[in-house]
Amino acid sequence: GQKLDKRVLRRNPQAGRDSAAMVTDEIVEWVGEADPRPTFTYVQYIDPHGPYDPPEWLLSSERPDIRTHLAQAKNFQHADPFPFGQRPEVNPAVRDQVIDLYDGEIRYVDRELGRLLDHLESTGRLDPEDWLVVTSDHGEEFFEHRQWGHGHSMFEELMRIPCIARGPGIPAGTVVPDPVGLVDI
């Protein structure tokens, strides 16, 4: 059979550098070296994970300092009895600030993904006959069920994730009304 040319690029975020921007820059450079053979590329942006520190907040003097609150919030994770521990309620204003930071991380990754896709399309690396799938491994819980983060329950906040596909035979704007899962990819 045909010899499989497997090239793997693995990078970890560097201290002091935005992870999503670094990932986009590395992939842009890496695909510039690719040959014309069909390619499978898996790209993972990790930024919408704690600590939430989206770059756009760096431009504002209104950036909340929630480090103390987040340190206290760790006490709410996996409370006893799990998952509905008898803990005091979280200050709604602090919860809203955490969600704003998380949403900022998502907007940041969205911009970087857009930058990557623009580059791939402009260089002929992503054409209408190519497949593109954008998804996530999990959502986040912000004390809706007395828990923070992920990895501890199967609530909707954690299980409902985006699954966006583009490829041959998929009309633009198609919405699948039935639930799908990562296994369907």
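Observations
- Here the spin labels are modelled as points 7 Å beyond Cα on the Cα-Cβ line, and at TYR42 and ILE170 they lie 1.8 nm apart.
- Annotation for ARG63 and GLU26: the two label points, set 7 Å from Cα along the Cα-Cβ direction, are 2.3 nm apart.
- For LEU113 and GLU89, the FRET efficiency from 1/(1 + (r/R0)^6), where r spans their Cβ atoms and R0 equals 30 Å, is about 0.25.
- The accessible surface of region 122-174, taken with every protein chain in place and a 1.4 Å probe, is 58 percent carbon and sulfur.
- Relative contact order computed over region 93-185 (Cα-Cα under 8 Å; 6+ residues apart), in percent: 26 percent
- Counting heavy atoms of the protein chains alone, ASP65 has an accessible area of about 100 Å² for a 1.4 Å probe.
The values are calculated or read from the model by the stated rules, or taken from the named source; none is laboratory data. Computed from a predicted model, the values in this text were never measured in an experiment. With ideal geometry, Cβ positions are generated from the backbone for all residues, glycine too; neighbour counts draw on all protein chains shown. Just so you know, the surface numbers come from the protein's heavy atoms only, side chains and all, with ligands and any DNA or RNA stripped out. Shrake-Rupley method; radii C 1.70, N 1.55, O 1.52, S 1.80 Å.
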